[in-house]
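The values are calculated or read from the model by the stated rules, or taken from the named source; none is laboratory data. Quick caveat: nothing in here was measured; it's all calculated off a predicted structure. With ideal geometry, Cβ positions are generated from the backbone for all residues, glycine too; neighbour counts draw on all protein chains shown.
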Amino acid sequence: MPAAIPSDGHGPDILVAGGGLAALCAAIAARRTGASVWLVDAAPDTLRGGNARHGRNLRVAHDGPTAHVPDRYAVTELEADLRRADPGADPQLLHRLAMDSRDVPRWLAAQGVAFQPHAAGALPYSRRTVFLLGGGTAMVNALARTARRLGVRVLHETTVEEVAPGGHAVLRAREGRAEVCARAIVACTGGFQANRPWLRDAFGCAADGFVNRGTPYATGRVLRALLDRGAAPVGHATHAHLVAVDARAPADDGGIVTRADGMAWGLVLDRDGRPVRDATHETGSARYSGWGRRVAACPGGLAHVILDNAGVARLGRRVYAPRTMADTDTLAQTLGVDPARLAATLAREGPAGGPPWHVLSIRPGITFTGLGVRVDPDGRVLDRCGAPVPGLFAAGMIMAPAVLGGRYLSGTALTVCAVFGRRAGEAAARHAHA
Ligand SMILES: Cc1cc2nc3c(=O)[nH]c(=O)nc-3n(C[C@H](O)[C@H](O)[C@H](O)COP(=O)(O)OP(=O)(O)OC[C@H]3O[C@@H](n4cnc5c(N)ncnc54)[C@H](O)[C@@H]3O)c2cc1C
């Protein structure tokens, strides 16, 4: 049963909108200062944690090896990597992100989060990221337990419909609607990747083929309310982080197992049987987002990866296994393309080792959208003149486009949530106590 909206007429010091990593960090940080805190999440308790449930690693700077990360990754190196990935990033936020990332593992561990020992050998070598023991679900469960133990009032299945300067909010739950006045609001409601009409406005018909990899509750309602209330926008609605996912993935919340691979070892054809080429030949983790953009540009947002036996052997075991076709005619029939043209394309482009052919159909999967609100390093929401909007703070993907607007570096999204969630929670509490 969701907890009812408290009706004693008293709002909290801090109302945290959202229930993902940014919200949990903001709520815990604010509560640890002694502020009274509500965490208001549209999702049910069973889907708590937003997209962090699907995450596995965080990018952090460190001056030497620790139990959880080998070698060294200096603040200056992380900062340079981030700047290279997005030359337009807000320099102040970027510097803060790199500096504060050093303390993220220690702080999260102090809130009950466990990390994978790097020497255990279960994970790929990475000197830039720490891996979560038990994955993102274990992390959000630990943080939710800590928040409740500290006395954060958690309201699930409760939507923040409106936010306004001065800490005013309108909440809606099953039992009705309530106006609440907090001393400050921290907006941590993520992007709008689950909002189909908004995606269609931004991306046109291509959006109809998008799969939302994460929470179906990321509707962008609070983002829209903040922008309507004069918050300065950052990034753009037509930007998003996309990866190629299996076309059989559910419309929402399929998570990491839906991510497709094998494009480099076979031939990729669009819906009409035309080859789709990768001029970048990227082999690192950036290949996933490269293919996300490429398939989004295909007619109908659909493409097919054709592999021979050697290609499918490299792919390894997958949750979504490729479909196998005994001959080229069956392949043509399945794809709905002309058999003679397909045979000519296969002969011209390879792969040479089939039939049999193995097929993975792919679509663009959206991780997060690229429109947000501008904040200062304490998460204070800024208006179009650069002045703080009284009582309004924001953290997580709702402000991340200011620092992650270009090429995405793996592990940075969760670090943004942890760093700015904590900072915004502490700053909101200072504001409330002032
Ligand atoms: C499959 C997948 C794998 C990923 N892996 C990684 C990884 O390994 N490393 C990494 O750094 N990043 C990863 N990411 C990205 C990262 O998980 C997200 O960017 C990050 O968790 C976003 O956190 P957030 O708190 O800003 O928002 P979200 O997680 O989007 O949470 C938004 C929250 O707000 C709530 N909400 C929305 N609207 C309202 C409203 N109006 N009222 C009340 N509540 C509302 C939602 O229920 C949800 O709880 C991954 C993402 C996906 C989808």
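Points to keep in mind about this one:
- Evaluated against (1) away from the ligand (no atom under 15 Å from the Cβ); (2) farther than 21 Å from residue 420 by Cβ, residue 47 falls short on exactly one condition, (1).
- Of all residues in segment 273-282, none are touching a residue at least 40 places away in the same chain (Cβ under 8 Å) and within 16 Å of the ligand (Cβ to nearest atom).
- Sole residue being within 16 Å of the ligand (Cβ to nearest atom), outside the structural domain of residue 162 (by TED's automatic domain parsing) and either in a strand (DSSP E or B) or polar (S, T, N, Q) (or both), chosen from 268, 234, 245: 245
- Looking only at residues of segment 405-420 that are more than 7 Å from the ligand (Cβ to nearest atom) and modelled with pLDDT of 95 or more, we find that the one that is surrounded by the most Cβ atoms within 10 Å (Cβ to Cβ) is 420.
- Only one of 430, 341, 423 that is touching a residue at least 24 places away in the same chain (Cβ under 8 Å), within 16 Å of the ligand (Cβ to nearest atom) and in a helix (DSSP H, G or I): 423
- Filter pass, residue 287 being at pLDDT below 85 and surrounded by 13 or more Cβ atoms within 10 Å (Cβ to Cβ): yes
- Any strands (runs of 3 or more DSSP E) falling wholly within segment 128-204 and containing at least 2 residues that are closer than 16 Å to residue 229 by Cβ and within 20 Å of the chain's Cα centre (by Cα): 184-187
- So residue 43, is it outside any helix (DSSP H, G or I) and surrounded by fewer than 24 Cβ atoms within 10 Å (Cβ to Cβ): yes
- Residue list for segment 306-332, restricted to those being acidic (Asp, Glu) and in a helix (DSSP H, G or I): 329
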